[in-house]
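Beneath this line is the structure, given in structure tokens, with notes to follow.
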Amino acid sequence: MKIAVRLPNWLGDTVMAVPALRSLREAFPEAHVLLAGPWVELLAGQGLGDVLVGYPRSWSGRLRIADTVRDFAGDTVVLFPNSFEAAAAAVYWGGRRRIGFALDGRGWLLTDALPLPAPRLHQVDEYLLLVAHLGATATAREPRLTAPGPRADTRQRARELMRESGAPEGSPGSASTSAPRTGRPRSGRASASSSSVDAVRRGAWCRCSWERRRTRLPPRTCCARRAR
């Protein structure tokens, strides 16, 4: 059995898809699983997919990647995005069974067109509904990822990005061995932590403001819905 999964376009949604991906892997341990999405590198080394394919945002890049996924010859495609483009791509990929929510006028492109839950569920639960239709039972709802090893390529790239952005050199572990233990946070670590919190808040505000515009929800409704 070969399963191709089209991952979400958003970073946060990709993390929230982890429980569904883990359930899929546990339900079909012998299946060959391909994961395709813009943030697929986040899932490297997690044991969730056998083939990881980066999904560019440009149309020209997506057309090139489409042939790569088509060569995988997956017989089942699970679509986490609700876009028409995702369903059309699944048809091109050659999946005989295409599972997704019937939105954006794409129901006729899906073999298993599921109705969107009303009222809407948390994103984690909606992704779990899609894989449950395939027979994968949820064992956990918490999105858990294993951090890469100290010498992993992802850590090296992260350090390079931090240097390019002007972040303080050194990791918290190395800093804690050289700096005196005074019980008060060091200024460098405190400022880095504050910046991280501010970035997360800005990202959450942008994501929720976009969702309010898309679904015409009143202020704070989408945040409360995601917090459930």
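The values are calculated or read from the model by the stated rules, or taken from the named source; none is laboratory data. These numbers were taken from a predicted model, which means no experiment stands behind them. Using ideal geometry, Cβ is built from the backbone for each residue, glycine included, and neighbour counts are taken over all protein chains shown.
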All but one of (1) surrounded by 11 or more Cβ atoms within 10 Å (Cβ to Cβ); (2) closer than 22 Å to Pro38 by Cα; (3) modelled with pLDDT under 85 hold for Leu161, so report the exception by its number. (1)
The one condition in (1) out of contact with any strand residue (DSSP E or B) (no Cβ under 8 Å at 6 or more places or on another chain); (2) surrounded by fewer than 16 Cβ atoms within 10 Å (Cβ to Cβ); (3) touching a residue at least 24 places away in the same chain (Cβ under 8 Å) that Ser58 fails to fulfil: (3)
Return the only residue of Arg57, Arg64, Arg22 being among the basic types (Lys, Arg) and at pLDDT 95 or above. Arg22
Subset tally (residues that are more than 20 Å from Ile3 (Cβ to Cβ) and surrounded by 17 or more Cβ atoms within 10 Å (Cβ to Cβ)) for the stretch 126-144: 0
Reported set for the stretch 126-150 where residues are part of a loop (DSSP other than H, G, I, E, B) and within 18 Å of Ala102 (Cβ to Cβ) is none
Taking the stretch 145-158 only, how many residues are among the aliphatic types (A, V, I, L, M) and exposed (fewer than 11 other Cβ atoms within 10 Å of the Cβ)? 1
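Would you mind stating whether Ala89 is out of contact with any Pro (no Cβ under 8 Å at 6 or more places or on another chain), touching a residue at least 12 places away in the same chain (Cβ under 8 Å), closer than 21 Å to Ala31 by Cβ and part of a helix (DSSP H, G or I)?
So Ala89 passes the test.
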Members of the stretch 1-16 that are within 16 Å of Gly54 (Cβ to Cβ) and part of a loop (DSSP other than H, G, I, E, B): Leu7, Pro8, Asn9, Trp10
Could you look through the stretch 62-114, keep only residues that are basic (Lys, Arg) and more than 18 Å from the chain's Cα centre (by Cα), and pick out the one that is farthest from Gly12 (Cα to Cα)? Arg96
